[in-house]
C-alpha cells in the first residue's frame with residue numbers, strides 16, 4: 001500500500017529565514033509561516049493564527065534573499081507534528097513542522113521592483129522575469 005501525505009499552506013513569514021548547513025555541505029533554510037483563518041460572521045468574526053515551522057533544502061542560495069519577514073509564501077511539503085508537555089505548566093503543546101518540497105514566494109517585502117512570484121526552480125534555471133529597460137508610455141499608472 002502506498003501512503004502519501006501532502007500539505008499546502010499559504011501565509012506570511014514571521015521573521016527572516018535562517019540559513020543552515022549540514023556537515024555534508026547541503027544548505028537548507030528554516031523559517032516560520034503564520035496562517036490566518038477566520039470564524040464567525042460580522043462583528044462576531046474572529047481571527048486565529050496557526051504557526052508552522054518550515055525546513056527547506058535549497059539548490060540555490062539566491063532564493064534566500066526573498067525569504068524576508070512579511071513575505072507571502074505558498075509552501076508544499078509533508079507535515080510532522082511534535083507533541084510535548086511544558087515542564088513549567090504541564091500544558092500540552094503541538095509543534096507543526098513542514099519539510100518543504102517546494103516554496104513559492106507570491107508577495108515580496110523590500111524588493112523593488114519585485115517579480116510577480118519566484119520559485120526555486122526559476123532561480124536555479126535562471127528564469128527570473130527580466131526587468132524592463134524602460135517603462136512603456138502606455139502604462140495605466
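The values are calculated or read from the model by the stated rules, or taken from the named source; none is laboratory data. These figures come from a predicted structure and were not determined experimentally. Note that we place each Cβ from the backbone using ideal geometry, even for glycine, and neighbour counts take in every protein chain shown.
Considering 103, 83, which residue is over 16 Å from the mean Cα position of the chain (by Cα) and either modelled with pLDDT under 85 or in a strand (DSSP E or B) (or both)? On inspection, the qualifying residue turns out to be 83.
Yes/no matrix, rows are residues, columns are (1) surrounded by 10 or more Cβ atoms within 10 Å (Cβ to Cβ); (2) more than 21 Å from residue 25 (Cβ to Cβ); (3) touching a strand residue (DSSP E or B) at 6+ places or on another chain (Cβ under 8 Å); (4) touching a residue at least 12 places away in the same chain (Cβ under 8 Å):
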site: 43; (1), (2), (3), (4): no, yes, no, no
site: 53; (1), (2), (3), (4): yes, yes, yes, yes
site: 57; (1), (2), (3), (4): yes, no, yes, yes
site: 60; (1), (2), (3), (4): yes, no, no, yes
site: 63; (1), (2), (3), (4): yes, no, yes, yes
site: 70; (1), (2), (3), (4): yes, yes, yes, yes
site: 82; (1), (2), (3), (4): yes, yes, yes, yes
site: 89; (1), (2), (3), (4): no, yes, no, no
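Residues in the range 20-60 that are modelled with pLDDT under 90 and touching a helix residue (DSSP H, G or I) at 6+ places or on another chain (Cβ under 9 Å): 58, 59, 60. Count of the range 1-19 residues, restricted to those that are within 16 Å of residue 68 (Cα to Cα) and in contact (Cβ under 8 Å) with a residue 24 or more places away in the chain, is 9.
Going through the range 16-36 one residue at a time, which ones are assigned to a loop (DSSP other than H, G, I, E, B) and exposed (fewer than 12 other Cβ atoms within 10 Å of the Cβ)? Correct list: 22, 23, 24, 25, 26.
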